[in-house]
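I have placed the structure first, in the form of structure tokens, so that the comments after it can refer back to it.
The values are calculated or read from the model by the stated rules, or taken from the named source; none is laboratory data. Please read these numbers as outputs of a predicted model, since none were measured by experiment. Cβ coordinates were reconstructed from backbone atoms using ideal geometry, including for glycine residues, and neighbour counts include every protein chain displayed.
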Amino acid sequence: METERQLLDSISGGERAALRRLYDRYSGYAMAIGLRYIPDGDEVRDVLQDSFVKILTNIGRFDYRGEGSLKSWVSRIVANQAIDYLKHKHLQFTDVVPDSADEDEPDVGEIPPDILDGLIGQLPTGYRVVFNLFVFEQLSHREIAQRLGITEGTSSSQFFRARRMLQRMIRDYISKQQRI
Amino acid sequence: MNKDKWTQQLHDKLADREVAAPDDLWADIEAALPEAPKEKGTKKSLMIPLRRWAVAASVAALLTGGGYLWWKADQPKPNGQELAATTTVFTPQKPESPQPEAERLQPEAEPTLPELETPQPNTKALLSSVKPISSEAPHSSETPVLSDKLVPAETSQESSSSQASESVSETANPTDETKEEKSADVTIRQLETQIALLTPKSGEQAALSLYASNGLSDQQKVYGVRMSDEMAERYDLSQYMPVSGARTRAAANTIYLVGYEERQKHYQPLSFGLSVGYPLSSRLSLSTGLVYTRLRSDFTSVMNDMSILRQQTLHYLGIPLNAQYHLWHSGSLNVYLSMGAEADYNIKARMVSKGVEQQMDRDHWQFSMQGAVGIQYDVLPQLGLYAEPGVKYYFDNGSSVRNFFKDKPLNLNLQVGLRLNITK
């Protein structure tokens, strides 16, 4: 398989087809990321299109730092684009789940990934964004606070509430499955 | 990041998941892409061209200078006042056909003889001072060395030095070849050159210059990032403070975030321009023109291991007004003082982050004052290379745009250029 370095070399060598190869290679990955922020298929399409136009037109400025760095760059751009889109639609951070005692953590091992992503997509927008940034973009609460213009405390509480809500949804899903 | 086990498990399960993107998405993306080769080309040619422009401008100036001399060469040589132009006629003609030049020289030089014969006594008196000059062939062969230092760009260096060295061989050759017959002729020609170099300095000259200018250093700074007041309020800082009783407010104590900083780097300003000089008296002249300046800055926000780079480019168009006072000259060398002011208008401001252009306000008018010492070396009587090391002060224009001028209002700069002296 073509390495990221080889792909980038082909692109910088002016090979137009290499742009398509980059898209083919990462569009599925980008789509999954996009849907995790914006569950609506039509909306995420626009975000993805803008992200790839941005990626492909700015590929010359990408700073290669080893295999995998291109993939994480793609992920960052898609996440940023999705957040900007949500911000534009007035991203709000609310508390919709009352604090309750911790319950058992449901096992995610047996649950199909598309169901898990679907459940993440059902989280309220503010929770979802913070949760994704923390879990998948691996940002700290400090960085999330900076990125979203909220306090570190808000980021932290949004995350824990999102986590608790997601766990409850997973438990509901599991119990529903067991009833069937 | 202390992610718990459950979260980590979720991450591992979903992080590399893929979902098929819509089928027709690529077509839309491709339609929105600029032509690939064009994109690649423009990026490269946009980065370097400013220096190239300076080179091109210098070459253009050289050509213009050559053209001007060429034109002058075709003019009849009626009297001694035109001497400045006539003597140097040899120089531009040389590069065309070096071989038959020696023959062609003769008839051309002849007509100037009778004119100069009249002031015989003068010539004789000057002859003694001319001798050392003629043996000063190295004087002109030094030209390339000097021009190396003065001309901003390689191409113009080459062309100017080659032109200069050709003019050297020009004057040297006839002396060798036709020594006995032409010695008087040559001496007179050198005399003419000497007179030509001296006469225009009386102030009866307008000047056209092309120049490039650079600051002498980049400017770099690192700032800490303050904790926001509301965030600081969340921490009970008072318990750590030695002063008892006083309720410590975050606003009163700046708290810098660990691992956060903002770096800014201002690259040295780069300008080039065109100016026209007008003599007021034999020592004083005024010059004005049009100057383009480009300022580039990098702002990097660092948040632990993540950094965001924003690149700012500002383009200014300015009008300088300078007065030059000629201090001293010897041979082809001129030393002068220059003082003046400049108004720059920000024609374009651009801020780019991660390849995405962000909105940015243009800078206000920027006023500055400058003083410099200039050294000019005339490669030809009509064409000089000059360097002006100087000091420039930029007044605070009150705008929120951060740039080199705000960070370092007083700075040293070096302007180098070509000056075309137009004899009136």
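Structure values in brief
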| quantity | calculated |
| --- | --- |
| B:Tyr393 hydroxyl-bearing (Ser, Thr, Tyr) and within 17 Å of the chain's Cα centre (by Cα) | no |
| Elements of type helices (runs of 4 or more DSSP H) contained in region A:1-68, each with 3 or more residues being touching a residue at least 40 places away in the same chain (Cβ under 8 Å) and touching a helix residue (DSSP H, G or I) at 6+ places or on another chain (Cβ under 8 Å) | A:4-12, A:16-37 |
| Any hit, region A:119-127, residues being touching a residue at least 60 places away in the same chain (Cβ under 8 Å), in a helix (DSSP H, G or I) and not assigned by TED's automatic domain parsing to the domain that holds A:Leu48 | yes |
| So A:Leu91, is it assigned to a helix (DSSP H, G or I), surrounded by 17 or more Cβ atoms within 10 Å (Cβ to Cβ), more than 15 Å from the chain's Cα centre (by Cα) and among the aliphatic types (A, V, I, L, M) | no |
| Out of B:Leu385, B:Leu412, sole residue that is crowded, with 23+ Cβ neighbours inside 10 Å, more than 30 Å from A:Ile59 (Cβ to Cβ) and assigned by TED's automatic domain parsing to the domain that holds B:Asp298 | B:Leu385 |
| Failed item in (1) within 11 Å of chain B (Cβ to nearest Cβ); (2) surrounded by 23 or more Cβ atoms within 10 Å (Cβ to Cβ), with A:Tyr37 passing the rest | (1) |
| Qualifying positions in region A:1-32 - of a type in the set (Val, Ile, Thr) and facing chain B (nearest Cβ under 9 Å) | A:Ile11 |
| Given (1) loosely packed, with under 12 Cβ neighbours inside 10 Å; (2) not in a loop (DSSP other than H, G, I, E, B), number of the condition A:Gly109 does not satisfy | (2) |
| Selection count where residues are closer than 22 Å to B:Asp16 by Cα and either surrounded by fewer than 18 Cβ atoms within 10 Å (Cβ to Cβ) or of a type in the set (A, V, I, L, M, F, W, C) (or both), scope region A:126-161 | 11 |
| Single unsatisfied condition, A:Leu123 versus (1) surrounded by 12 or more Cβ atoms within 10 Å (Cβ to Cβ); (2) under 21 Å from B:Lys354 (Cα atoms) | (2) |
| Wholly within region B:298-378, strands (runs of 3 or more DSSP E) carrying at least 2 residues that are under 19 Å from the mean Cα position of the chain (by Cα) and either crowded, with 19+ Cβ neighbours inside 10 Å or touching a residue at least 24 places away in the same chain (Cβ under 8 Å) (or both) | B:306-330, B:333-353 |
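Table: residues versus (1) over 27 Å from B:Ala20 (Cβ atoms); (2) within 10 Å of chain B (Cβ to nearest Cβ).
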position: A:Asp107; (1), (2): yes, yes
position: A:Pro113; (1), (2): no, yes
position: A:Phe134; (1), (2): no, yes
position: A:Arg142; (1), (2): yes, yes
position: A:Leu148; (1), (2): yes, no
position: A:Ser157; (1), (2): yes, no
position: A:Ala162; (1), (2): no, no
